[in-house]
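The values are calculated or read from the model by the stated rules, or taken from the named source; none is laboratory data. Since this is a predicted model, take the numbers as computed values, not measurements. Backbone-built Cβ (ideal geometry, glycine too); neighbour counts: all protein chains shown.
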Amino acid sequence: MEVLEWCLALGVRCLSVYAFSTENFKRTAAEVEVLFTLAEARLDEMAASPVIRQHRVRVQVLGRDFQLFPSTLFSLTRDVLYLSPFEVSLNGAEDEQRSEQGEVKSVRP
């Protein structure tokens with residue numbers, strides 16, 4: 001979150017974070033578990049932080065093998081997506097903007 005806050009303060013409009021590759025599944029089970037635990041901790045931190053909502057930060061998660069993730073990581077990912085003013089499907093294919101009343105409207109790029 002600290003890097004995101006720096007970017008916001010500096011006016012950086014786009015920040016990409018590369019977090020996990022399917023290549024990581026070739027690691028030992030213990031190493032993969034550590035990576036998932038780190039991801040869960042960061043997503044939990046994002047979900048608890050007011051920065052996402054206050055600055056209308058758009059969170060996108062791209063990939064295609066989310067069913068391979070533990071259910072807790074999958075749920076946290078969805079929770080963080082829900083916090084942003086845009087709801088993006090976990091495959092990045094659908095972009096929708098959430099209105100103040102909680103309604104979801106389709107948005108074309």
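Observations, loosely collected:
- Candidates Ala19, Ala9: the one that is more than 19 Å from the chain's Cα centre (by Cα) and of a type in the set (A, V, I, L, M) is Ala9.
- Residue ID - modelled with the highest pLDDT, chosen from residues in the range 1-55 that are basic (Lys, Arg) and surrounded by fewer than 10 Cβ atoms within 10 Å (Cβ to Cβ): Lys26
- Among the criteria (1) more than 13 Å from the chain's Cα centre (by Cα); (2) more than 16 Å from Tyr82 (Cβ to Cβ), the one Val51 does not fulfil is (2).
- Of residues in the range 1-22 being of a type in the set (D, E, K, R) and assigned to a helix (DSSP H, G or I), the one farthest from Gln54 (Cα to Cα): Glu2
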